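See below for the structure under consideration.
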Amino acid sequence: MFDAQAWYARDVILGRLTVPNGPTRRADMDTWAQREQALLANGGDDEAMIRYQMDYTADLVNAIANDDYPSWDFELTVQTFLQWEHAKHEDIMGYRNECYRSA
């Protein structure tokens with residue numbers, strides 16, 4: 001996610017992307033915030049929160065103005081993160097001993 005944000009910021013700085021106007025930005029931020037609040041109101045389900053984060057990242061990647069951002073399989077990333085998260089619930093002291101495929 002952080003690298004996608006950096007790529008987006010870079011494209012804005014280099015003039016490859018135009019930052020949307022204030023009302024458009026506000027509407028986008030409100031949409032994301034409302035979605036997050038709905039997730040939290042429903043107990044903050046871990047899987048739903050992971051998918052929310054990936055959707056946000058995918059939104060950034062899709063907005064990037066050029067094609068030099070490395071592509072990857074978003075769903076594979078979600079599945080790997082979910083495996084990690086489930087292992088963490090199973091054994092908080094041992095989940096780091098697990099291996100996961102790089103996405």
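Tabulated data for the structure shown
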| quantity | calculated |
| --- | --- |
| Cα long-axis angle, helix 22-41 against the chain (0 to 90 degrees, to the nearest 10) | 10 |
| Around R10: net Lys/Arg minus Asp/Glu count, Cβ-Cβ under 15 Å | -3 |
| Probe 1.4 Å, all protein chains present, accessible-area order of L60, L40, L76, largest first | L40, L76, L60 |
| For the stretch 34-103, radius of gyration divided by Kirkwood radius, i.e. Rg to Rh on alpha-carbons | 1.05 |
| Cleavage-rule hits (chymotrypsin sites (Phe, Trp or Tyr not before Pro)) in the chain: DSSP loop, at most 15 neighbouring Cβ within 10 angstrom | W72, Y100 |
| Neighbour cut-off at most 10 other Cβ (10 Å), DSSP loop, trypsin sites (Lys or Arg not before Pro), the stretch 62-103 | R101 |
| Kirkwood Rh (inverse of mean 1/r, distinct Cα pairs), the stretch 1-70, angstrom | 13.3 |
| Accessible surface of the chain [probe 1.4 Å, protein heavy atoms]: carbon and sulfur percent | 53 |
| Length-normalised contact order of the chain in % [C-alpha pairs under 8 Å, at least 6 apart] | 30 |
| Which of M29, M1, M54 is most accessible, then next, and so on - probe 1.4 Å | M29, M1, M54 |
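The values are calculated or read from the model by the stated rules, or taken from the named source; none is laboratory data. Keep in mind the model is a prediction, meaning the values are calculated, not measured. Quick reminder, even Gly has a Cβ in these numbers, built from the backbone with ideal geometry, and neighbours come from all protein chains shown. Protein only, heavy atoms only, side chains kept; ligands, DNA and RNA dropped before computing areas. Shrake-Rupley method; radii C 1.70, N 1.55, O 1.52, S 1.80 Å.
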